[in-house]
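Quick notes on the structure that follows.
The values are calculated or read from the model by the stated rules, or taken from the named source; none is laboratory data. In this text, all values refer to a predicted model and were calculated from it rather than measured experimentally. Cβ coordinates were reconstructed from backbone atoms using ideal geometry, including for glycine residues, and neighbour counts include every protein chain displayed.
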Amino acid sequence: MVQPKNIVEKIVTEFDGIVPKSSWGEISLFYNPGQVLPNGVYFCTIKEKNGDNDKASDLDRVGIYRLSIGISKESYESLFGTRPKRPSKGSIVDTGHDFTESNILMPHPIYGWMSWVQILNPSEAKFNEIFGLIREAYQNAVGKFNKKTEK
């Protein structure tokens, strides 16, 4: 299993303009070169505990964490088919996945409707396999950042 700190290190080393921000048991990775925006554009998170409205992955289990990646609609649909409907507050997307399974890429239980995916405790091989999705999410964040900061 790849450790969360190693994922953050790899992303910060691999890509320019990354600002990691820790809060509420989660590390969010933002694209924000020069810290021009208050937060920047986030594209990847690592979460190590349940939230009030986010218990589907059972992150309170010892040693369990979730790597979440915001990919394009096209990539999401090529992997999982049509995106699910937005769940009501406190509910999860209806995709038939067991969101507690480790080392399997699947829709994010809450943000799958927004083309976010998750993997719990990825192995080194699986992390390397899905790194292209992190690269895509980063490139999408760069595009969104540039649109937000155009003058």
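Being in a loop (DSSP other than H, G, I, E, B), touching a residue at least 24 places away in the same chain (Cβ under 8 Å) and not aliphatic (A, V, I, L, M) is the filter here; which residues of segment 85-102 pass it?
LYS85, ARG86, PRO87, LYS89, GLY90, PHE99, THR100, listed by residue number.
Against the condition β-branched (Val, Ile, Thr) and in contact (Cβ under 8 Å) with a residue 40 or more places away in the chain, how does VAL62 come out, does it pass?
Working: β-branched (Val, Ile, Thr): yes; in contact (Cβ under 8 Å) with a residue 40 or more places away in the chain: no.
Answer is no for this residue.
Every residue in segment 97-119 that is over 18 Å from MET1 (Cα atoms), among the aliphatic types (A, V, I, L, M) and surrounded by fewer than 22 Cβ atoms within 10 Å (Cβ to Cβ), please.
Within segment 97-119, MET114 is the sole residue that qualifies.
Only one of (1) surrounded by 17 or more Cβ atoms within 10 Å (Cβ to Cβ); (2) farther than 17 Å from ARG135 by Cβ is not met by GLN35, so which one is it?
(1)
Please go through segment 19-49 and give me each residue that is over 27 Å from LYS73 (Cβ atoms), assigned to a loop (DSSP other than H, G, I, E, B) and more than 15 Å from the chain's Cα centre (by Cα), ordered by number. Give the steps one after another, and end with the answer.
Our first condition is that a residue be over 27 Å from LYS73 (Cβ atoms); within segment 19-49, this holds for 22-25, 34-35, 48-49.
Subset that is assigned to a loop (DSSP other than H, G, I, E, B): 24-25, 48-49.
Passing the criteria: only TRP24.
Confirm whether ILE64 is surrounded by fewer than 16 Cβ atoms within 10 Å (Cβ to Cβ) and either of a type in the set (Val, Ile, Thr) or in contact with a Phe, Trp or Tyr (Cβ under 6 Å, 6 or more places away or on another chain) (or both). Break it down stepwise before answering.
Numbers: surrounded by fewer than 16 Cβ atoms within 10 Å (Cβ to Cβ): no; either of a type in the set (Val, Ile, Thr) or in contact with a Phe, Trp or Tyr (Cβ under 6 Å, 6 or more places away or on another chain) (or both): yes.
For ILE64, the condition - surrounded by fewer than 16 Cβ atoms within 10 Å (Cβ to Cβ) and either of a type in the set (Val, Ile, Thr) or in contact with a Phe, Trp or Tyr (Cβ under 6 Å, 6 or more places away or on another chain) (or both) - is not met.
Just checking, does segment 9-18 include any residue being at pLDDT 95 or above, under 14 Å from the mean Cα position of the chain (by Cα) and not hydroxyl-bearing (Ser, Thr, Tyr)? Step through it out loud before you land on a result.
We begin by selecting, within segment 9-18, every residue at pLDDT 95 or above; these are 9-18.
After this cut, where a residue has to be under 14 Å from the mean Cα position of the chain (by Cα) as well, the list is 11.
Restricting the remaining residues to those that are not hydroxyl-bearing (Ser, Thr, Tyr) gives 11.
Among the residues of segment 9-18, at least one is at pLDDT 95 or above, under 14 Å from the mean Cα position of the chain (by Cα) and not hydroxyl-bearing (Ser, Thr, Tyr), which makes the answer yes.
How many of the residues in segment 81-111 are out of contact with any Gly (no Cβ under 8 Å at 6 or more places or on another chain), over 24 Å from GLY63 (Cβ atoms) and not polar (S, T, N, Q)?
Here is the first cut: in segment 81-111, the residues out of contact with any Gly (no Cβ under 8 Å at 6 or more places or on another chain) are 81-82, 85-92, 94, 96-110.
Filter once more, so that each one left must be over 24 Å from GLY63 (Cβ atoms): 81-82, 85-91, 94, 96.
Keeping just the survivors that are not polar (S, T, N, Q) gives 81, 85-87, 89-90, 94, 96.
Residues that pass the stated criteria total 8.
What's the number of the only condition in (1) in contact with a Gly (Cβ under 9 Å, 6 or more places away or on another chain); (2) part of a loop (DSSP other than H, G, I, E, B) that TYR76 fails to meet?
It fails just one condition, (2).
Can you tell me which residue among ASN146, ASN128 is outside any loop (DSSP other than H, G, I, E, B) and more than 16 Å from the chain's Cα centre (by Cα)? Lay out the reasoning, then the answer.
Values: ASN128 fails: more than 16 Å from the chain's Cα centre (by Cα).
That would be ASN146, the only listed residue that is outside any loop (DSSP other than H, G, I, E, B) and more than 16 Å from the chain's Cα centre (by Cα).
Across segment 102-125, which residue is farthest from the chain's Cα centre (by Cα) among those that are closer than 23 Å to LYS89 by Cα and polar (S, T, N, Q)?
Taking segment 102-125 as the starting set, the residues that turn out to be closer than 23 Å to LYS89 by Cα are 106-120.
Remaining after also requiring polar (S, T, N, Q): 115, 118.
Working: SER115: 10, GLN118: 6 Å.
Among those that are closer than 23 Å to LYS89 by Cα and polar (S, T, N, Q), it is SER115.
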